[in-house]
Amino acid sequence: MKEEEQKKIFNGWIKVHSALLFKIVRAYAFNEVDREELFQEITIQLWRSIPSFRGDAAVTTWMYRISLNTALRWAASEQKHRQGVKPIGEIEHVLMEKPNQQDERLSWLYEEIAGLHEIDRSLTLLLLDGFSYKEMAQMLGISESNIGVKLHRIKKYLIDRSKKAKHNGI
Amino acid sequence: MEFDDLKKIWDVQNNEPIYVVNEAAMEKTIIARSKELSRLANINEIGLMIITTLTGGYLLIDAYLDGDEIYSYLAAIAFILIGGFVLFRRIQRKKMERSFDRSMLGELDLAIANAAYLANTAKTFVWWFLFPAGVTSLLNMVFSEAPFWKWIFVPGSFLLAFLVVRLDLKRAHLPRKQKLEVLRKKLTEEVNA
């Protein structure tokens, strides 16, 4: 595949589906440097995955799969924070936060997701973004019944937590 | 609050992303890091193959030109065989990488297999590198009446290589493998329940 063609596909994916990447980054990285690094890592893996994308799966499913796998590997890696050794001013920022975009209820939801185990975080994102059990099972490589058990537990946990929350508009 | 309410909160960010992407910086980073990743993935194995083959070749030519004893040839052959062994392991690793599916479980299994490969390579470093290269080099030095500095430099280099590999094993490969195994266990824990 020619680089120009790869670039065109990649830019198209990012333009339409960047919100998907932001969600994963925010769920797995908890400070500015880590979010920047994870976002870069995910975009690199997406770029590298383009030649093997055959269109058998929807673009969002493909992007979710690559991005979640990258986030999990990144979370398990001893080499994260590689850019953390650089002073923050020296990092060329790819990801920039918009001012005044904080929704308190959404921040609360992310805090709850951050408290879950890495695997459960993946499932929660897929659940909230409306993927079916079948799609999740294919993406994660485990059975639909297992997905069902895990999601039931996660849903219950989030609903219970929302009932206990007494601020942030919840 | 019910789950549908949580989903409504979640969906807000689809229309109002909280980040913007610096596209020029992203493109620059992707191209640079993509090349770096390909280079890093190959640098250990290919670097070791080049070093051992060149060292072996040099020792072979040197022994031939000097009309040395058989021990000099043994050291050369040992280095070349180590290069061949690294190539064999690399081919095996590449073949293994193609046998995993692309699901999260498949990716975790592949990452665990890769971490196990690196850990195993580091654990057996003494047997496939240090022992053959060290013994033949030392024999060569005994029979060629090597100068004093060589008796410091050569064993010192082997010792340093051993310590670096052990440190890498303990601080990087084994902890990473353990973390990946925990993730895998968490992903599959209810499959058999």
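The values are calculated or read from the model by the stated rules, or taken from the named source; none is laboratory data. All figures in this text were calculated on a predicted structure; none of them were measured in a lab. Cβ placement follows ideal geometry from the backbone for every residue including glycine, while neighbour counts extend to all protein chains displayed. All accessible areas refer to the heavy atoms of the entire protein, side chains included, with ligands and DNA or RNA removed. Shrake-Rupley method; radii C 1.70, N 1.55, O 1.52, S 1.80 Å.
Please pick out the residue among B:Glu107, B:Glu97 that is surrounded by 15 or more Cβ atoms within 10 Å (Cβ to Cβ), within 14 Å of chain A (Cβ to nearest Cβ) and within 19 Å of the chain's Cα centre (by Cα). On inspection, the qualifying residue turns out to be B:Glu107.
I need the full set of residues from region A:17-52 which are surrounded by fewer than 17 Cβ atoms within 10 Å (Cβ to Cβ) and touching a residue at least 12 places away in the same chain (Cβ under 8 Å), in order please. Listed by number, the residues that qualify are A:Phe30, A:Glu32, A:Pro51.
Each residue in region A:46-70 was checked for being assigned to a helix (DSSP H, G or I) and not hydroxyl-bearing (Ser, Thr, Tyr), and 12 pass.
Rundown of residues vs (1) out of contact with any helix residue (DSSP H, G or I) (no Cβ under 9 Å at 6 or more places or on another chain); (2) under 23 Å from A:Thr70 (Cα atoms); (3) assigned to a helix (DSSP H, G or I), yes/no style:
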residue: B:Ala122; (1), (2), (3): no, no, yes
residue: B:Thr136; (1), (2), (3): no, no, yes
residue: B:Trp149; (1), (2), (3): yes, no, yes
residue: B:His173; (1), (2), (3): no, yes, yes
residue: B:Arg176; (1), (2), (3): no, yes, yes
residue: B:Leu180; (1), (2), (3): no, yes, yes
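Checking B:Tyr71, B:Tyr64, B:Tyr19 one by one, the residue that is among the aromatic types (Phe, Trp, Tyr) and within 14 Å of another protein chain (Cβ to nearest Cβ) is B:Tyr19 and no other. All conditions in (1) open to solvent by less than 30 Å² (accessible area, probe 1.4 Å); (2) free of Cβ contacts under 8 Å to residues at least 24 places away in the same chain hold for A:Asn11, with the sole exception of (1). Which pairs turn up if I take residues in region A:111-138 that are facing chain B (nearest Cβ under 9 Å) and look for partners that are among the acidic types (Asp, Glu) and surrounded by fewer than 16 Cβ atoms within 10 Å (Cβ to Cβ) with beta carbon separation below 7 Å, at least 6 apart in sequence or on another chain? These pairs meet every condition: A:Ala137/A:Glu144. Out of A:Glu104, A:Glu144, which single residue is within 17 Å of B:Glu189 (Cα to Cα) and either assigned by TED's automatic domain parsing to the domain that holds A:Asn11 or open to solvent by 50 Å² or more (accessible area, probe 1.4 Å) (or both)? Only one candidate qualifies: A:Glu144. One residue alone among B:Tyr58, B:Tyr73, B:Tyr64 is at pLDDT 85 or above and open to solvent by less than 90 Å² (accessible area, probe 1.4 Å), and that residue is B:Tyr73.
Need the failing condition index for B:Glu145 against (1) open to solvent by 80 Å² or more (accessible area, probe 1.4 Å); (2) within 14 Å of another protein chain (Cβ to nearest Cβ); (3) not hydroxyl-bearing (Ser, Thr, Tyr); (4) not in a helix (DSSP H, G or I), just the number. B:Glu145 satisfies all of (1) open to solvent by 80 Å² or more (accessible area, probe 1.4 Å); (2) within 14 Å of another protein chain (Cβ to nearest Cβ); (3) not hydroxyl-bearing (Ser, Thr, Tyr); (4) not in a helix (DSSP H, G or I) except (2). For B:Val86, the conditions (1) open to solvent by 30 Å² or more (accessible area, probe 1.4 Å); (2) touching a Leu at 6+ places or on another chain (Cβ under 8 Å); (3) farther than 21 Å from B:Leu180 by Cα all hold with the exception of (1).
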